[in-house]
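Inspection log for the structure reproduced underneath, given as structure tokens.
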Amino acid sequence: MKSDSFFRVFAAALILLAAPAVRAQDAVSMKIDVVSWGSDINGLSFKAAGKGEPITALAFRYSKPVSYSGPAILEIHQEAAAASSATADSKNTAPLPPELAKRRETDPTVVALAKLPAGSKRATVLIAPAQAGTYQTFVIDDDPTKLPFGKLRVHNYSPIKIAVRCNGKESMEMKTRDSFLAEPQEGQVTYELSYDKQGKWKLQENNIVTVGKDEQVQFIVLKSDADFFTSSDGSRGGFLQSVVLRRPAKDDAAP
């Protein structure tokens, strides 16, 4: 399994403890989509391994959402052997969060923690292989108040500054982890993507993302060497990569 360069370069910035404090006793109720930043990850669960419904985190795409009610600090579990195999080739150097290390002392099937947003009914949890047998997570609040249906949210998860122009409007310069909402025109967002190359903007591509009026759509720009972005002949599409995640309104029913 190849690692994502974003998680190598910005490991420290995404340490779990860097997120705002959430009390363990706080409870949330929402639907969660788990997305892998690498190869597919099988055998995950939100309860102790072997007791919860198996979850598969697909590579850079949504799978079946999972209903969750429980502590705002979400425990993600996986059998130790499966976790060790899935993370064996990881070059992610993020230090193991102390809270995760503490929980693993009594339950080694706890392979990741994610702090869920209070008051939200929908979230995406991005999960990437980290130190042997554990994963790093990053959470996006997808409550419809944050990402309305029929709109596009643009994210920069690459390790460099980018600029995105949507539907001919003013170009938005984005640092790593910046995001903004784009308004489609007749169900489409035409975009220009450029990146900062030694202080000068280099245009990578012009393209179109369709956005249905009953969809939540995420457009994510990243820098990845994952096999997902490599064609059968071994070629790659550009210096940066991008993915589009689509969630239909019918998947937004209460958990």
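Under the Karplus relation 6.51 cos²θ - 1.76 cosθ + 1.60, θ = phi - 60°, what is the ordered set of whole-Hz ³J(HN,Hα) values for the range 177-182, x standing for Gly and Pro?
In residue order, the calculated couplings are 6, 6, 8, 7, 8, 10 Hz.
Search the structure for amide H atoms under 5 Å from the amide H of ARG122, placed 1.01 Å from N in the peptide plane, and list their residues when 5 or more places away or on another chain.
LYS31, ASP142, ASP143
Just to check I understand the Karplus step: with θ = phi - 60° and J = 6.51 cos²θ - 1.76 cosθ + 1.60, what whole-Hz values come out for the range 64-71, glycine and proline as x?
Values, residue by residue: 6, x, 10, 7, 9, 9, x, x Hz.
Return the lysines within reach of LYS169: Cα separation strictly under 16 angstrom, same-chain partners fewer than 8 residues apart disregarded; answer none if there are no such residues.
Counting by Cα, and skipping residues close in sequence, LYS169 has these lysines nearby: LYS151.
What ranking do 196-203, 134-141 get when scored by the average of other Cβ atoms within 10 Å per residue, highest first?
134-141, 196-203
How much accessible area per residue does the range 77-125 have, in Å², with a 1.4 Å probe?
For the range 77-125, the solvent-accessible area averages 46 Å² per residue.
Using +1 on the beta carbon of Lys and Arg, -1 on that of Asp and Glu, and nothing else charged, what's the dipole of the range 12-152 about the Cα centre, debye to 20?
280
In percent, how large is the relative contact order of the chain, given Cα pairs closer than 8 Å and 6 or more residues apart?
The normalised contact order for the chain reaches 20 percent.
Ignoring ligands, DNA and RNA, what accessible area per residue does the range 127-198 give at 1.4 Å, in Å²?
Using a 1.4 Å probe on heavy atoms only, each residue of the range 127-198 averages 45 Å².
Under a point spin-label approximation (7 Å from Cα along Cα-to-Cβ), what is the LYS202-ALA132 distance to one decimal in nm?
Those two pseudo-labels are separated by 3.7 nm.
Give me the percent of the accessible area of the chain that comes from carbon and sulfur atoms, probe 1.4 Å, all protein chains in place.
That share works out to 51 percent.
Please report the accessible area of THR56 (heavy atoms, 1.4 Å probe, ligands and nucleic acids excluded) in Å², nearest 10.
So the heavy atoms of THR56 present about 50 Å² to solvent.
What percent do you get for the relative contact order of the range 40-144 when only Cα pairs under 8 Å and 6+ apart count?
About 26 percent, as a whole number.
Mind ranking LEU181, LEU113 by accessible surface for me, highest first, 1.4 Å probe?
Ranking LEU181, LEU113 by accessible area, largest first, yields LEU181, LEU113.
Please list, ordered by chain and number, the residues whose modelled amide H lies under 5 Å from the amide H of ALA49; skip anything fewer than 5 residues away on the same chain.
Amide H to amide H, under 5 Å and 5 or more residues apart or across chains, ALA49 pairs with GLN78.
At a probe size of 1.4 Å, how large is the accessible area of LYS121, to the nearest 10 Å²?
Its heavy atoms expose roughly 90 Å² to the probe.
Non-local amide H neighbours of SER63 (under 5 Å, H modeled in plane, Pro and chain starts lacking H): which ones?
The answer is VAL34, LEU58.
Using θ = phi - 60° and the Karplus form 6.51 cos²θ - 1.76 cosθ + 1.60, what ³J(HN,Hα) does each residue of the range 214-228 get, whole Hz, x for Gly and Pro?
10, 10, 9, 10, 10, 10, 10, 9, 8, 10, 9, 9, 5, 4, 3
The values are calculated or read from the model by the stated rules, or taken from the named source; none is laboratory data. Computed from a prediction, not measured in an experiment: that's the story for all the values here. Note: ideal-geometry Cβ built from the backbone for every residue, glycine included; neighbour counts use all protein chains shown. Only protein heavy atoms, including side chains, enter the accessible area calculation; ligands, DNA and RNA are left aside. Shrake-Rupley method; radii C 1.70, N 1.55, O 1.52, S 1.80 Å.
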